[in-house]
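See below for the structure under consideration.
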Amino acid sequence: MDNIRNFCVIAHIDHGKSTLSDRLLEYTNTISERKMKDQALDSMDLERERGITIKSHAIQLNYPHSDGTTYTFNLIDTPGHVDFSYEVSRSIAACEGALLLVDASQGIQAQTISNLYLALEHDLEIIPVLNKVDMDSALVEESTDEIVDLLGCAPEDVVLASGKTGFGVENILSAIVERVPAPDGDPKAPLTALIFDSVFNPFRGVIAYFRIFNGTLKKGDAVRFVHTENEYVADEIGVLQLDMHPRESLSVGDVGYIITGIKVSKEIKVGDTITHVENPAKSVIQGFEEVKPMVFAGIFPIDNDDFEDLRDSLEKLQLNDASLVYEPESSAALGFGFRCGFLGMLHLEIIQERLSREFDQEVITTVPNVSYFAYTNRAPNDRLIINTPNDLPDPTLLNRVEEPFIQAQIITKPEYIGGIMTLCMDKRGTMTKQVYLTTERVELTFELPLAEIVFDFYDRLKSISRGYASFDYTPLDYRESDLVKMDILLNNDPVDALSALVHREKAEAFGRKICKKLKELLPRQQFKIAIQASIGARVVARETVSALRKDVTAKCYGGDISRKRKLLEKQKKGKKKMRQIGNVEVPQKAFLEVLKLD
Ligand code: GTP
């Protein structure tokens, strides 16, 4: 156990985490160069394409140090996106140290800071690494000063490196030995092991990754997962190198995997404690949370006949992604589909993309909304969870609504402060802190409603700052807000799929935008179509599509009967792609288009 070092790498996106991790694996001969694919730790195709690590993994390296001892390193990979921040926090909790990677040409960015706070909360030893020093644009001195200011460390503590050339890798490895504490714990105490990740394997079932804090786990032991209260037999345990390597026993400080024949990923909860059935641990590992979906949206098949196929696909996706939740939902406008819960917008996009790629399912996704709390006058203390606008109680019964807030970290150049403040205020945010990191870079902290940053926040931030702003956020709390349900009506019939919860002050503008867009998208029909946006009985925006006068077949002059028939048939086919709302026919395309709010 004295020879074990458990660590992770935390960095802002694109600061070179994957490249540097590869170098560490190469240098310790964990993978031969021949086997080395670029960024070996990212296994899903999708991950590689997006260049972000979505699912965390762990890998064991053996490092012969100049002191004559060979150390066992467990490198625990952390997902880089805020949607997966709970997984990041559990991976960090499994480590004693962290490499804090900073791109020398970029300096400290928002995600560097938010990850650093997480690591400090868990008392990790931080090794600052200034990466990409090979670049001409590297600002080594300036970036070192920033790191020294941020961490309160000495300039000599900052390790200079380049994942590209391999420069500094040896220094990083020896710094891990010398600075990261060895695990401590009692191998004879009752077993406590933290589950920090799990993966789905179609042949072996669900495999949980864990880190042992106390006790010893042997193959064949009867184990209990404390929070799920399930008991299993440890059919196979082992360590993770590039493949799984079975072991007879694992003990304090070890990072490994366990296979118990679990088939459904929902049975394993990240953050749970593993202990023995006999002589169980008296206390669990702190910090367990049920992961809660933050963003909800309806997903409907384009063709109603594909509903069952969609259900099958979602079921299969959930086998290996326990954070996806869904339940059947029916919409007058879109037919039968599912209300799905996601960890965030990126997660939503990933699921949409996987449905299309892996299952060949093209779907309509309704306007995403966050999860709200509502209270009624009848029971003002009973919290109702509102995951779809249509669940909001009638305004006459409604006591209050609360919405989730986040704390946002933005790092930018001073000349953009004004623009960014205007943006955040427009998004109903308040600034709580402003700190100059250097004369050229400033860190701004805002509190904002999650619903406001879910949509076009990041794009607007990037354009206001010409790309010179980095952004990250962490969930804060729920706060009371003046939210109203906005309905869209076509000739007085509400289109349920277009209802949305919006802040009262923004309702009118939002309603006008949707009505205007719908007017462009709805084909003219034999009668006039009134498009209205309303809050309760009050109409806040209105547009009209005027009636079509000419007979569609008129242009055939009644002469060519076969042409006339063809035209009618074409129309009939077109109708299949229409949804009927009251007496109005809405093309499928209109739903897709109107939901693309820009
Ligand atoms: P995410 O997983 O998306 O957060 O990215 P990452 O932090 O893993 O970064 P990645 O290793 O994918 O590197 C990002 C980009 O920087 C790639 O284009 C790399 O080729 C480049 N890069 C990484 N390390 C170095 C380095 O030391 N020097 C130079 N010049 N480029 C580097």
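The values are calculated or read from the model by the stated rules, or taken from the named source; none is laboratory data. Remember, predicted model here, so these are calculated numbers, not experimental data. Note that each Cβ is placed from the backbone with ideal geometry, even for glycine, and that neighbours are counted across all protein chains shown. The area values use the complete protein model at the heavy-atom level, side chains included, leaving out ligands, DNA and RNA. Shrake-Rupley method; radii C 1.70, N 1.55, O 1.52, S 1.80 Å.
Table for the structure above
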read-out	value
Overall Cα dimensions of the stretch 154-203 - principal axes, largest extent first, Å	41, 35, 16
Longest to shortest principal axis, alpha-carbon extents of the stretch 436-491, angstrom	57, 27, 14
Cα pair distances in the stretch 336-458, grouped into 10 Å bins until the bin that holds the longest one, percent each	11, 29, 28, 22, 10, 1
Evaluated at q = 0.05, 0.10, 0.11 Å⁻¹: base-10 log I(q)/I(0), Debye formula over Cα of the chain	-0.27, -0.97, -1.12
Measure of compaction for the stretch 131-174 (Cα Rg per 2.2 N^0.38 Å)	1.16
Overall form of the stretch 497-543 per C-alpha gyration tensor (a/c, 1.5; a/b vs b/c)	prolate
Carbon and sulfur %, accessible surface of the stretch 300-449 computed with the full protein complex present, 1.4 Å	48 percent
In nm, spacing of pseudo-spin labels at R466 and E593 (7 Å Cα→C-beta vector)	3.6 nm
Kirkwood-based shape ratio for the stretch 255-393, expressed as Rg/Rh from alpha carbons	1.06
Packing-based order for 168-176, 363-371, using average beta carbon neighbours within 10 Å, highest first	363-371, 168-176
The stretch 111-225 - Kirkwood radius from inverse mean 1/r over Cα pairs (Å)	17.6 Å
Estimated FRET transfer efficiency (T445, Q286; beta-carbon r; R0 35 Å; 0.05)	0.85
14 Å beta-carbon shell around S162, net charge (K/R +1, D/E -1)	-2
Overall Cα dimensions of the stretch 461-543, principal axis frame, Å, largest first	52, 33, 19
Y478-I302 FRET efficiency (beta carbon distance; Förster radius 35 Å; 0.05 resolution)	0.50
Peptide ranges 525-536, 122-133 listed from the most packed, as the mean C-beta count within 10 angstrom indicates	122-133, 525-536
Convex hull (Cα only) mean projected area of the stretch 54-176, reported in nm² to one decimal	7.9 nm²
Relative compactness, the stretch 208-312, computed as alpha-carbon Rg over 2.2 N^0.38 Å	1.39
Peptide ranges 380-388, 319-327 listed from the most packed, as the mean C-beta count within 10 angstrom indicates	319-327, 380-388
Separation in nanometres of the label points that stand 7 Å from Cα toward Cβ, at Q434 and E358	4.7 nm
222 nm mean residue ellipticity, helices alone, for the chain (DSSP H n ≥ 4; -39,500 (n - 2.57); rounded to 500)	-8000 deg cm²/dmol
Percent of alpha-carbon pairs separated by more than 19 Å within the stretch 288-367	29 percent
Share antiparallel - DSSP beta bridges, the chain, percent rounded to 5	85 percent
